[in-house]
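Student: One structure follows; several queries about it will come next.
Throughout, read-outs are computed from the coordinates displayed, never taken from laboratory work. Predicted model, so just to flag it, every value in this text is computed and none were measured. Heads up, the Cβs are rebuilt from the backbone with ideal geometry, glycines too, and the neighbour counts pull from every protein chain shown.
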Amino acid sequence: MQVVRPAMSESSYENAVEDFLGIAVEELDKLRRRIGPGYFQRVADLIQHAEARAGRVHVTGIGKPEYVSGYVSALLSSTGTPAYFLHGTECVHGSAGQVAPGDVVIVISNSGETSEMRLAVTTLKNNGAIIVGVSSSPQSWLARHSDEFLYAGVEREGSPLGFEPRASILAQIYVLAALSIELQSRKNISRTHYNAWHPNGRIGEMTCDD
């Protein structure tokens with residue numbers, strides 16, 4: 001027999017929304033305080049060294065982080081670090097072939113323990129990839145099997161059930177967007193560069209000032 005839960009009152013769901021908005025900001029602020037000077041230096045060095053050897057950057061994730069990886073690969077590509085989306089579950093069904101030995105793969109996983117992610121990382125490492133793990137746990141399987149690791153965790157999701165990925169997704173985007181800033185700044189990407197890669201839309205219509 002299906003259990004039908006009573007609908008939340010208007011005040012209840014307004015409170016739930018307000019709770020999430022506050023919790024998300026608080027969690028990102030706590031994450032910000034963990035990120036000190038030089039936090040991204042080792043990962044940025046790793047990526048630049050790979051690029052100097054003609055290596056490429058790929059971004060992957062399982063579940064919700066898969067969508068984050070699509071955004072991050074597009075962001076990196078548009079700001080001077082060409083990057084490729086790698087389908088996490090297809091990785092062990094042939095897509096690992098897009099990754100050459102010496103390429104860097106950024107692997108996003110909130111828990112750092114997901115079974116499909118483990119299979120993908122094992123396959124990639126066996127084929128010579130360099131792994132940058134991004135998760136909420138420095139003690140996770142992903143952190144232990146990564147060449148470099150970036151913490152992107154929250155204590156609370158801010159969700160009605162307490163576990164649906166919301167604040168954790170924001171944390172992943174926050175950390176990897178900051179990494180993209182470090183890489184972009186190192187490469188002195190100008191407005192002229194950016195407009196050449198993004199000629200259409202509102203950004204493309206803006207006048208270059210460099």
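Student: Kindly point out which whole DSSP H helices in the chain project their C-alpha atoms 18 angstrom or further along the helix axis while averaging a Kyte-Doolittle hydropathy of -0.5 or above.
Tutor: Numbers: long enough: 10-34 (37 Å, -0.72); 64-78 (22 Å, 0.17); 167-186 (29 Å, 1.07).
Answer set is 64-78, 167-186.
Student: Cross-link partners among aspartates and glutamates for residue 125, C-alpha distance below 12 Å, same-chain residues fewer than 8 apart left out?
Tutor: Leaving aside aspartates and glutamates fewer than 8 places away in the same chain, those within reach of residue 125 are 103, 147.
Student: Please list log₁₀ I(q)/I(0) at q = 0.11, 0.13, 0.16 Å⁻¹ for the chain, using the Debye equation with identical point scatterers on the alpha-carbon positions.
Tutor: -0.59, -0.78, -1.07
Student: Which number do you get for Rg(Cα) / (2.2 N^0.38 Å) in the stretch 91-210?
Tutor: Expressed relative to 2.2 N^0.38 Å, the Cα Rg reads 1.30.
Student: Could you calculate the FRET efficiency of residue 177 with residue 92 from 1/(1 + (r/R0)^6), where r is the beta carbon distance between them and R0 is 35 Å, rounded to 0.05?
Tutor: Efficiency for this residue pair is about 0.75.
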